[in-house]
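See below for the structure under consideration.
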């Protein structure tokens, strides 16, 4: 399995993401790609867009990153059926590119939230969630100011009808519609989520509930 | 030519920041503020001198970058 982690000025979870991916893919299988690049490495299976504050959250969170040179390559990769994982700022970038629907607004309580939250796994039908149990409750850290997921009624019905809500919060911290913490693309190969699975993959992290996501990805690539 | 772009959250999209401003105004004694919506103003200095062309190009900028049309609407003003 070959993976790449995109780095923007202001990304700060890029190394954590690379370590989590390397944990399942093996040493040397994960590259980092600077935002000014116009193409991705050959033979990639997965692209991850990490958390952080790309371009200082100027204009809107993720807006500038979504128009960077590498974003074009990521969109092309996704449109060809590539797997893309966006966490936190990565989720914001993916909604700004249009690869995922909806938008992320300022938290309803207006405060930055940094804590472990309970999540419910809403679907196991994806390369990212297959190693979880449906409706399993897990604990994953969040750290964001703009995680309030917005979708109109029509989109919400579509996401529900197509089983594209990946995770919901058990105790909604940010005002997201229908407690949504993560959503899948129509082809189920792009996942965006506000919580950080890469921050809970080892015992030393204080929790390991994120590890199953990386195992799921490896399994999907092994059988692909 | 100067262009001024007003970006606002669409009607129906809850604006938590506007709500907080409304509450703060109330606690300062400004009664009767029924609603506050917060947006942003972006000013552009353009080389273009033809107003119609300038408007067309600024609208394209709004669609592509300046506004997130999923949640925001925009208005362009030229002078």
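The values are calculated or read from the model by the stated rules, or taken from the named source; none is laboratory data. Source: prediction; values computed, not measured. Every residue, glycine as well, gets a Cβ built from its backbone with ideal geometry; the counts of neighbours run over all protein chains shown.
Which one of these does residue A:16 not meet: (1) under 30 Å from residue B:41 (Cβ atoms); (2) within 17 Å of the chain's Cα centre (by Cα)?
For residue A:16, the failing item is (1).
With the checklist (1) more than 14 Å from every other protein chain (Cβ to nearest Cβ); (2) within 17 Å of residue A:89 (Cβ to Cβ) in hand, flag the one item residue A:36 doesn't pass.
Among (1) more than 14 Å from every other protein chain (Cβ to nearest Cβ); (2) within 17 Å of residue A:89 (Cβ to Cβ), the lone unmet condition for residue A:36 is (2).
Within 21 Å of residue A:13 (Cβ to Cβ), more than 12 Å from every other protein chain (Cβ to nearest Cβ) and surrounded by 22 or more Cβ atoms within 10 Å (Cβ to Cβ): which single residue out of A:117, A:84 fits that description?
After ruling out the rest, the residue left standing is A:84.
Of everything in the stretch B:49-79 that's part of a loop (DSSP other than H, G, I, E, B) and either on the phi > 0 side of the Ramachandran plot or in contact with a strand residue (DSSP E or B) (Cβ under 9 Å, 6 or more places away or on another chain) (or both), which residue is farthest from the other protein chains (Cβ to nearest Cβ)?
Per the criteria, the residue is B:79.
Which one is farthest from residue A:106 (Cα to Cα) among residues in the stretch A:127-145 that are surrounded by fewer than 22 Cβ atoms within 10 Å (Cβ to Cβ) and under 15 Å from the mean Cα position of the chain (by Cα)? Show your work before the answer.
To start, the set of residues in the stretch A:127-145 that are surrounded by fewer than 22 Cβ atoms within 10 Å (Cβ to Cβ) comprises A:130-131, A:133-137, A:139, A:141, A:143, A:145.
Going one step further and asking which of them are under 15 Å from the mean Cα position of the chain (by Cα), we end up with A:141, A:143.
Numbers: A:141: 18, A:143: 13 Å.
Ranking the qualifying residues of the stretch A:127-145, first place goes to A:141.
Would you call residue B:21 in contact with a helix residue (DSSP H, G or I) (Cβ under 8 Å, 6 or more places away or on another chain) and either within 14 Å of chain A (Cβ to nearest Cβ) or within 19 Å of residue A:95 (Cβ to Cβ) (or both)? Working first, answer last.
Details: in contact with a helix residue (DSSP H, G or I) (Cβ under 8 Å, 6 or more places away or on another chain): no; either within 14 Å of chain A (Cβ to nearest Cβ) or within 19 Å of residue A:95 (Cβ to Cβ) (or both): yes.
So residue B:21 does not fit the description; no.
So residue A:167 ticks every box in (1) within 14 Å of chain B (Cβ to nearest Cβ); (2) within 17 Å of residue A:102 (Cα to Cα); (3) in contact (Cβ under 8 Å) with a residue 40 or more places away in the chain; (4) out of contact with any helix residue (DSSP H, G or I) (no Cβ under 6 Å at 6 or more places or on another chain) but one. Which box is left unticked?
With respect to (1) within 14 Å of chain B (Cβ to nearest Cβ); (2) within 17 Å of residue A:102 (Cα to Cα); (3) in contact (Cβ under 8 Å) with a residue 40 or more places away in the chain; (4) out of contact with any helix residue (DSSP H, G or I) (no Cβ under 6 Å at 6 or more places or on another chain), residue A:167 is out only on (1).
Modelled with pLDDT of 95 or more and away from chain B (no Cβ under 14 Å): is that true of residue A:129 in this structure?
When the stated conditions are applied, residue A:129 passes them.
Kindly indicate whether residue A:204 is within 22 Å of residue A:20 (Cβ to Cβ), in a helix (DSSP H, G or I) and modelled with pLDDT under 95.
No, not satisfied.
Which residue pairs have Cβ atoms under 6 Å apart, sit 6 or more places apart or on different chains, and have a first residue in the stretch A:1-27 that is free of Cβ contacts under 8 Å to residues at least 40 places away in the same chain and a second that is assigned to a strand (DSSP E or B)?
A:14/A:5; A:14/A:7; A:18/A:5; A:18/A:30; A:22/A:30
Residues to consider are B:3, B:20; find the one that is surrounded by 12 or more Cβ atoms within 10 Å (Cβ to Cβ) and part of a helix (DSSP H, G or I).
Sole residue among the options that is surrounded by 12 or more Cβ atoms within 10 Å (Cβ to Cβ) and part of a helix (DSSP H, G or I): B:20.
Run down A:37, A:22 and say which single residue is closer than 17 Å to residue A:70 by Cβ and not in a strand (DSSP E or B).
After ruling out the rest, the residue left standing is A:37.
Do you know which of the residues in the stretch B:62-79 that are free of Cβ contacts under 8 Å to residues at least 40 places away in the same chain and more than 12 Å from the chain's Cα centre (by Cα) is farthest from residue B:5 (Cα to Cα)?
Among them, the one singled out is B:70.
Given (1) touching a residue at least 24 places away in the same chain (Cβ under 8 Å); (2) within 14 Å of another protein chain (Cβ to nearest Cβ); (3) surrounded by fewer than 16 Cβ atoms within 10 Å (Cβ to Cβ), where does residue A:110 come up short, assuming only one miss?
Looking at each condition in turn, residue A:110 falls short on (1).
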